Amino acid sequence: MKFFIDTANLDQIREAQALGVLDGVTTNPSLMAKEGITGRNNILKHYVDICNIVEGDVSAEVIGTEFKAMIKEGEELAELHEQIVVKVPMIKDGVKALKYFTDKGIRTNCTLVFSPGQALLAAKAGATYVSPFIGRLDDISTDGLNLIAEIRLIYDNYAFETQILAASVRHTMHIIDCAKLGADVMTGPLSAIEGLLKHPLTDSGLAQFLADYKKGN
Ligand code: E4P
């Protein structure tokens, strides 16, 4: 299972990278705005900065919603750095753009996916990654994890190579549940990744080991 961090914050990306288990980064326009990164040139520069910190894939989202605009933007993003994966929204022109990028050998991440049908279309169009947003489904009292299970079943039925990138992961249990369901990748905040570390018995056990060591030395 690949671990991506879902942020445009360089400090958090560095911290996750230093842990040694990071496989990539996902961003979106909201995450960029949250870091105060505005203006096309600053945004492009920020993507390159992120690529220079991590070794894996970095999703960079197109803003255009029409085919031609998406193509132009996506090609520009892909040329920025070899680690860039072009993030395309699940809309009609987005599906066309996914197919275009697939045919050109440009890797893609189909974003804003909320149903198995959308995920099936993304796979048919050859997306490298599909991003079902589980947290946002949970937010509206719909089982986000069930969507991961449905997509896994469909993709396995036909051996689709599109990787399931569980997105909108909000907490540690989401990561564990996605791992059980066979998501290929998860993207979440640093706090959710670090939550995997924690267990009170680890802390108390370590404290005891250190105390016993000190008694004999
Ligand atoms: C995915 O790539 C998105 O950036 C992200 O996971 C959305 O998460 P949110 O629902 O917490 O905003």
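The values are calculated or read from the model by the stated rules, or taken from the named source; none is laboratory data. This is a predicted model, so every value here is computed, not measured. All Cβ positions, even for glycine, are placed from backbone atoms using ideal geometry, and neighbour counts span all protein chains on display. Note: accessible area is taken over every heavy atom of the protein model, side chains too, but ligands, DNA and RNA are not part of it. Shrake-Rupley method; radii C 1.70, N 1.55, O 1.52, S 1.80 Å.
Quick notes on this one:
- The stretch between H199 and A179, if pulled fully straight at 0.36 nm per residue, gains 5.3 nm over its current Cα-Cα span.
- The stretch 141-217 - Debye-derived log10 I(q)/I(0), Cα point model, q = 0.12 Å⁻¹: -0.49
- Cβ-placed point charges (K, R +1; D, E -1), dipole of the chain about Cα centre in debye, nearest 20: 140
- Size-normalised alpha-carbon gyration radius of the stretch 84-158, reference 2.2 N^0.38 Å: 1.08
- Here is the list for the stretch 146-217: GluC sites (Glu not before Pro) lying in DSSP coil, each with at most 11 other C-beta atoms within 10 angstrom of its C-beta, are E161.
- Accessible area of the chain divided out per residue, in Å², using a probe of 1.4 angstrom: 51
- Solvent-free Debye scattering, log10 I(q)/I(0), computed from the Cα coordinates of the stretch 75-217 at q = 0.10, 0.14, 0.19 Å⁻¹: -0.43, -0.68, -1.07
- With semi-axes defined as the square roots of five times the eigenvalues of the C-alpha gyration tensor, the equivalent ellipsoid of the stretch 19-78 measures 21, 14, 10 Å, largest first.
- When you restrict to C-alpha pairs under 8 Å that are six or more residues apart and normalise by the size of the stretch 55-203, the relative contact order lands at 15 percent.
- Placing one equal scatterer on every Cα of the stretch 1-132 and applying the Debye formula, the log10 ratio I(q)/I(0) at q = 0.12 Å⁻¹ is -0.42.
- Percent carbon-and-sulfur accessible area, the stretch 28-167, ignoring ligands, DNA and RNA, probe 1.4 Å: 52
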